[in-house]
Every structure is written in C-alpha cells, then in structure tokens.
C-alpha cells in the first residue's frame with residue numbers, strides 16, 4: 001500500500017514519518033510542500049498532509065502557499081488525512097474559515113469524539129492528544145465535525161469522501177492516550193478503500 005506524505009515543514013515531521021513507516025504493509029514516499037505539482041497522485045492509495053507553520057496570513061497564506069494542496073484535496077477521490085496545518089488546509093479547501101487564536105496552544109488537550117467514525121475505531125470517546133498551533137477552525141458549514149475540545153474543532157470529515165482533518169498531533173506519544181491509533185486507523189481506511197476499488 002503506497003502512501004504519499006506531504007512535508008509542510010512541521011517540527012514534528014520526523015516523528016510522523018517514523019510512525020507511519022512503522023505501520024505494517026505501508027510503502028511511504030514523501031515530498032516537500034513546494035514540490036508537489038509533478039507528483040503522479042493516482043499511483044498512491046492515500047495521502048497525508050503534515051503539520052507546519054508556513055502561513056504568512058491567516059486567509060491569503062492558504063490560497064497562495066498551499067494552493068496546490070487545496071487543488072489536490074478537491075480533485076482526489078482516494079483517502080486524505082490532514083494533520084494540524086494539514087487539517088486547516090483541508091478545511092480551507094472546502095470553504096471553512098481559519099481563525100487566529102489569542103495565543104499559541106502548546107499542551108496536551110482533552111479531545112471529545114462527538115460522532116462515531118472509523119478514524120476513531122477502538123479509541124476512547126475522550127482522549128488526550130498533543131496540540132501545537134496558533135490557528136484553528138471554530139465553525140464549519142461544509143464538513144462534518146467528528147471531535148472537539150475547549151479550543152475548537154479537533155477533527156472533521158468530508159460528508160461523502162474519505163477526507164479527514166485532525167487539529168491535534170496523533171504522531172506525538174502521550175502516556176495512556178489513544179491518539180496514536182488515528183494514524184493506524186487511517187491506514188486501515190486506505191486499505192479498505194483500495195480493496196473496494198479492486199472489486200469494481
């Protein structure tokens with residue numbers, strides 16, 4: 001199973017890459033965020049957008065720096081997972097508003113699942129996850145909310161596609177936390193979608 005990991009220059013990127021590579025049966029390729037236009041996306045079974053901190057403006061930064069990823073999200077039918085900044089890019093792709101917080105969130109937070117989904121399979125309805133962000137999605141019009149915290153929306157899904165975003169960092173280990181299962185669950189979703197396509 002081939003996964004493409006887009007590097008948005010997250011400080012946690014090396015941890016994320018290591019965690020994905022540790023998942024059985026995954027062949028991982030990676031590409032920098034500013035080198036994605038020549039990628040043959042259809043050769044990949046799923047795509048993960050890493051976190052990062054490259055937004056020059058809360059609104060225009062997404063439309064310029066991350067325009068190729070926004071186009072990618074809109075045009076792909078295969079599963080996509082956006083993490084932190086990647087989550088915000090997913091939200092922006094579907095017309096949601098990104099808002100700047102009064103101060104940076106940089107601590108473990110209690111996450112509450114409000115809707116059952118395969119992304120949170122075998123996880124507690126409430127779990128702790130690491131947060132590191134200055135921007136957030138506080139309301140949505142076009143995406144489905146899967147989880148939230150006191151800081152805002154923590155996970156979303158497209159209504160009809162297997163396209164997800166999580167504001168927290170599932171690659172970061174926290175004692176007695178289920179957050180890391182999100183990565184494995186996403187890979188399972190990718191495998192299931194690949195199997196469905198092979199039967200068509």
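The values are calculated or read from the model by the stated rules, or taken from the named source; none is laboratory data. The structure presented is a predicted model; accordingly, all values stated were derived computationally and were not measured. Cβ sites come from the backbone with ideal geometry, for glycine too, and all protein chains shown count toward neighbours.
Tell me, please, whether a residue that is assigned to a loop (DSSP other than H, G, I, E, B), at pLDDT below 95 and closer than 15 Å to residue 156 by Cα can be found in region 98-113. Within region 98-113, one or more residues are assigned to a loop (DSSP other than H, G, I, E, B), at pLDDT below 95 and closer than 15 Å to residue 156 by Cα. Of the candidates 23, 47, 73, the single residue that is at pLDDT 90 or above and in a strand (DSSP E or B) is 47. Residue pairs whose Cβ atoms lie under 8 Å apart, sitting 6 or more positions apart in sequence or on different chains, and linking a residue in region 5-18 that is on the phi < 0 side of the Ramachandran plot and part of a loop (DSSP other than H, G, I, E, B) to a partner that is surrounded by fewer than 18 Cβ atoms within 10 Å (Cβ to Cβ) and at pLDDT below 95, are 10/53; 11/53. Are any of the residues in region 141-164 farther than 21 Å from residue 5 by Cβ, under 14 Å from the mean Cα position of the chain (by Cα) and not in a strand (DSSP E or B)? Checked region 141-164: at least one residue is farther than 21 Å from residue 5 by Cβ, under 14 Å from the mean Cα position of the chain (by Cα) and not in a strand (DSSP E or B).
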